[in-house]
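The values are calculated or read from the model by the stated rules, or taken from the named source; none is laboratory data. What you are looking at is a predicted structure, and each value in this text was computed from that prediction instead of being measured. Cβ placement follows ideal geometry from the backbone for every residue including glycine, while neighbour counts extend to all protein chains displayed. Protein only, heavy atoms only, side chains kept; ligands, DNA and RNA dropped before computing areas. Shrake-Rupley method; radii C 1.70, N 1.55, O 1.52, S 1.80 Å.
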Amino acid sequence: QLQACGGGPVQAGGSLRLSCAFSGRTSWRFVMAWFRQAPGKEREFVAAINWNSRATDYADSVKGRFTIARDTAENTVYLQMNSLKPEDTAVYYCAAEGTLIRSNWPQSTAYDYWGQGTQVTVSS
């Protein structure tokens, strides 16, 4: 199970940190990712991190502004979002998958485990 939290309203230029706790015996081995979905749009990849935090990937739209990190001991993944823009407004979902090659990290269909989503609203 994944439980995401940390969303809310924020003004443009502000920051938020999302967190997602993942429970499970072997969850520390999983690739963990964040996706987002804005109204009327498809779910899109935001960021992903491998099990030992040595590899991360980001969507071009968030590079330099967002940072993904994980605490393996706590089975928690974080998304630090800085310099937020109105176009970042979306429901943010965390996802996890056990065996996933890096080229598939941005594919939402590659993930079997999903959190419930947390709303982020950025006002101008």
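Things to note:
- Residue match in the stretch 70-77 (condition: of a type in the set (A, V, I, L, M), free of Cβ contacts under 8 Å to residues at least 60 places away in the same chain and more than 23 Å from residue 14 (Cβ to Cβ)): yes
- Search result, residues across the stretch 64-105 that are within 12 Å of the chain's Cα centre (by Cα) and of a type in the set (Ser, Thr, Tyr): 67, 76, 78, 92, 93
- Candidates in the stretch 1-40 are the residues that are among the hydroxyl-bearing types (Ser, Thr, Tyr) and either modelled with pLDDT of 95 or more or touching a Cys at 6+ places or on another chain (Cβ under 6 Å) (or both); of these, the one that is surrounded by the most Cβ atoms within 10 Å (Cβ to Cβ) is 19.
- The set of residues in the stretch 59-69 that are touching a Phe, Trp or Tyr at 6+ places or on another chain (Cβ under 8 Å), surrounded by fewer than 19 Cβ atoms within 10 Å (Cβ to Cβ) and within 18 Å of residue 104 (Cβ to Cβ) contains only 59.
Matching residues to (1) in contact with a strand residue (DSSP E or B) (Cβ under 7 Å, 6 or more places away or on another chain); (2) modelled with pLDDT of 95 or more:
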| residue | (1), (2) |
| --- | --- |
| 78 | yes, yes |
| 84 | yes, yes |
| 88 | yes, yes |
| 91 | yes, yes |
| 94 | yes, yes |
| 101 | no, no |
| 109 | no, yes |
| 113 | yes, no |
| 118 | yes, yes |
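- Lone unmet requirement of (1) of a type in the set (A, V, I, L, M); (2) open to solvent by 10 Å² or more (accessible area, probe 1.4 Å); (3) at pLDDT 95 or above for residue 73: (3)
- Test: residue in the stretch 41-57 that is among the small types (Gly, Ala, Ser), under 27 Å from residue 123 (Cβ atoms) and surrounded by fewer than 19 Cβ atoms within 10 Å (Cβ to Cβ): no
- Applying the criterion of being open to solvent by 60 Å² or more (accessible area, probe 1.4 Å), in contact (Cβ under 8 Å) with a residue 40 or more places away in the chain and assigned to a loop (DSSP other than H, G, I, E, B) to the residues of the stretch 84-121, the residue that is nearest to residue 56 (Cα to Cα) is 107.
- Note on the stretch 53-70: residues that are charged (D, E, K, R), at pLDDT 95 or above and not in a strand (DSSP E or B) total 3.
- Of all the residues in the stretch 1-46, those that are closer than 14 Å to residue 115 by Cβ and assigned to a strand (DSSP E or B) number 16.
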